[in-house]
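Scroll down for the structure; my scribbles are underneath it.
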Amino acid sequence: MEDSSSNWWREGVFYQIYPRSFADSNGDGNGDLQGILAHLDHLNDGTPNSLGVDAIWLSPIYPSPMHDLGYDVADYCDIHPMFGSLADFDALLQAAHQRGIRLLMDLVFNHTSDQHPWFQESRLSRHSPKRDWYIWRDPSPRGGAPNNWQSVFGGRAWEWDETNQQYYYHMFLPQQPDLNWRNPQVRQALFDVMRFWLERGVDGFRLDVVNAYFKDALFRDNPPRLGLRGYDRQKHLYDKDQPELLEVYAQMRQLLDSYGERMCVGEMLNGNPEMNARYCGDRKLNLAFDFNFTRQPWHPAAFQRAILRNEASLPPGGWPCYTLSNHDISRHLSRYGGRYPKERAKVAAAMLLTLRGTPFLYQGEEIGMRDGKIPYSMIQDPPGKRYYPFYKGRDPVRTPIAWDASPGGGFTTGKPWLPLNQDYRQVNVAAQRDDPDSVFSFYRKLIWLRKDCPALRRGAFEPLIQRPRDGLAYLRRSQEQTVLVALNFFALPATLRLEVDLSAQKWRTILGTHRARDEAVALEQTIWLAPHEVWIAEAN
Ligand code: TEU
């Protein structure tokens, strides 16, 4: 039997911080580590006044020329001066741990920045000792790029290097050359980076595009398929998901486990539950985000299908991991909010935080942030510049958090690097902190409820409706407890008809948007819900 501390990553609530947009302590308009430190009480001060999250994941804070906003790393073992120093980092980690908040670093191991000393050395000559640390190829015999592989961010994935008359491979920007994981020295160097952070005391890692580390040894062309952008017009048989990954995951897991209570969560490129199942579980990655969940329309049947698909695909030792938003995709309220952003924010939060699996929140969702509007002239994100106006890039989901309604939103005393959202005078932390009906208050209640409920943290998931039309109803059942969750997705009153008769037990409200705590409700095979009602009850 595992004890509960080794289960922290299964039972805890995670929160993604996008450091540049969290809180600026020095007035330069960019969020930084001291800003995070100053706002830890928002995340968890040990009381239900705070959000109560158990762990934070920091998007990259390493030295970087910022072509891909920090996902182009120039030094894996230092901090970008914009964010602070290693001393600031140590102070943050210590303060987080004092509050019981664990910390994950973001490791971008598929590629480095072209400014990384490894690449600088590699590109010097064909005979450089680090030549083989990256993926260099001669032109194809017919001339031109070695094969048809495309960059995720647009255009060919091969960049010509005049000096040495070879191409190098970059899955993302030309400024992000891919590392050659087939080279044992590269592996050694990257595992040393993991050790560096583990020794400093971090609790784990979020692994960027972790299924792309290896490319086909024969560099075969990808076959075509239907799609809009170049990258989507290929089946990615040969530029990711290679069999060599599993050996690396086993080594990573062994390293993490050797430090005790550490974990990693994988980000899969074009991920889905079946792929996650292949890569997660015993002697593999601890968790992987279920991006299929984020692709669902606002309909209970769609979400239930996604949940059941995830549950059905789980391998031995596997555990679901759900998220609704992150720094790459449109915020879920912009996708789902419609005319009822506040109501739907609560329904979505209740679902995310009562499913079986580890929930990851993205900063700002706890106050119901939506995507910002960024004029073309202010776009920072490379794919946004490239595909505007068809795709406006990821800046809109990376706008700063507003802590209050003051001119800099309490985020900065200077000029924010991306504009605050237009509605920040309403959508900010201070405005919601003392409002018991706010989105923030509801997130707090849900997260603190989860801590009290073994069924919500680790119980089985049992759907109560076969074909949901208006809402979801499910049980979470552990040895100690049974919890019922009922969610009305829409603006009309709903009658949820259940597969089972729940009259044998009394149901006591433990959290609701409409019902008072402790209100007892007798049920048979239907549940009545008001528009957008969330009702969570415990069987007595
Ligand atoms: O993202 C992987 C990725 O390819 C997508 O999420 C992509 O950003 C999206 O389709 C938009 O085009 C990871 C990071 O999360 C992302 O921020 C980085 O830009 C990318 O890797 C490269 O490191």
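So, restricting to helices (runs of 4 or more DSSP H) that lie completely within region 316-400, which ones have at least 1 residues that are more than 30 Å from Leu529 (Cα to Cα) and charged (D, E, K, R)?
Fully inside region 316-400 and qualifying: 382-387.
Testing Arg295 on (1) touching a residue at least 24 places away in the same chain (Cβ under 8 Å); (2) under 17 Å from the mean Cα position of the chain (by Cα), one condition comes back false. Which one is that?
Checking Arg295 against (1) touching a residue at least 24 places away in the same chain (Cβ under 8 Å); (2) under 17 Å from the mean Cα position of the chain (by Cα), the one that fails is (1).
Take Ser128 and decide whether it is surrounded by fewer than 21 Cβ atoms within 10 Å (Cβ to Cβ), more than 31 Å from the chain's Cα centre (by Cα) and polar (S, T, N, Q).
Here the answer is yes, as Ser128 does meet what is asked.
Select from region 462-481 the residues that are surrounded by fewer than 20 Cβ atoms within 10 Å (Cβ to Cβ), closer than 28 Å to Thr47 by Cβ and in contact with a strand residue (DSSP E or B) (Cβ under 8 Å, 6 or more places away or on another chain) and list them in ascending order.
Answer for region 462-481, where residues must be surrounded by fewer than 20 Cβ atoms within 10 Å (Cβ to Cβ), closer than 28 Å to Thr47 by Cβ and in contact with a strand residue (DSSP E or B) (Cβ under 8 Å, 6 or more places away or on another chain): Ser478, Gln481.
Is region 310-324 home to any residue that is among the acidic types (Asp, Glu), under 16 Å from Ala288 (Cβ atoms) and more than 16 Å from the ligand (Cβ to nearest atom)?
Yes.
Would you be able to tell me the number of residues in region 287-306 that are in a helix (DSSP H, G or I), out of contact with any strand residue (DSSP E or B) (no Cβ under 7 Å at 6 or more places or on another chain) and more than 16 Å from the ligand (Cβ to nearest atom)?
4
Which of the residues that make up region 422-461 are among the polar types (S, T, N, Q) and surrounded by fewer than 23 Cβ atoms within 10 Å (Cβ to Cβ)?
Those that are among the polar types (S, T, N, Q) and surrounded by fewer than 23 Cβ atoms within 10 Å (Cβ to Cβ): Gln422, Gln426, Gln432, Ser438, Ser441.
Please enumerate the residues belonging to region 199-251 that are aliphatic (A, V, I, L, M), without any contact (Cβ under 8 Å) to a residue 60 or more places away in the chain and closer than 21 Å to Trp181 by Cβ.
Scanning region 199-251 gives Ala217, Leu218, Leu237, Leu245, Leu246, Ala250.
Pairs needed: first member in region 370-388, without any contact (Cβ under 8 Å) to a residue 12 or more places away in the chain and closer than 10 Å to Arg398 by Cα; second member anywhere, more than 10 Å from the ligand (Cβ to nearest atom) and assigned to a loop (DSSP other than H, G, I, E, B); C-beta distance under 6 Å; at least 6 residues apart or different chains.
Nothing qualifies.
Select from region 257-275 the residues that are part of a helix (DSSP H, G or I) and either within 15 Å of the ligand (Cβ to nearest atom) or over 22 Å from Arg305 (Cα atoms) (or both) and list them in ascending order.
Once the filter is applied, which keeps residues that are part of a helix (DSSP H, G or I) and either within 15 Å of the ligand (Cβ to nearest atom) or over 22 Å from Arg305 (Cα atoms) (or both), region 257-275 yields Asp257, Ser258, Tyr259, Met275.
Only one of Ser85, Ser113, Ser128 is of a type in the set (Ser, Thr, Tyr) and within 16 Å of the ligand (Cβ to nearest atom). Can you tell me which? Steps first, answer last, please.
Working: Ser85 fails: within 16 Å of the ligand (Cβ to nearest atom); Ser128 fails: within 16 Å of the ligand (Cβ to nearest atom).
Sole residue among the options that is of a type in the set (Ser, Thr, Tyr) and within 16 Å of the ligand (Cβ to nearest atom): Ser113.
When you scan region 189-206, do you find a residue that is within 16 Å of the ligand (Cβ to nearest atom) and under 20 Å from the mean Cα position of the chain (by Cα), even just one?
yes
Could you check, for region 221-232, whether at least one of its residues is more than 22 Å from Glu244 (Cα to Cα), aromatic (Phe, Trp, Tyr) and touching a Lys or Arg at 6+ places or on another chain (Cβ under 8 Å)?
The answer is no, given that none of the residues of region 221-232 is more than 22 Å from Glu244 (Cα to Cα), aromatic (Phe, Trp, Tyr) and touching a Lys or Arg at 6+ places or on another chain (Cβ under 8 Å).
Just so you know, all these numbers are worked out from the coordinates, no wet-lab data involved. Just so it is clear, the model here is predicted, and its values are computed rather than measured. Heads up, the Cβs are rebuilt from the backbone with ideal geometry, glycines too, and the neighbour counts pull from every protein chain shown.
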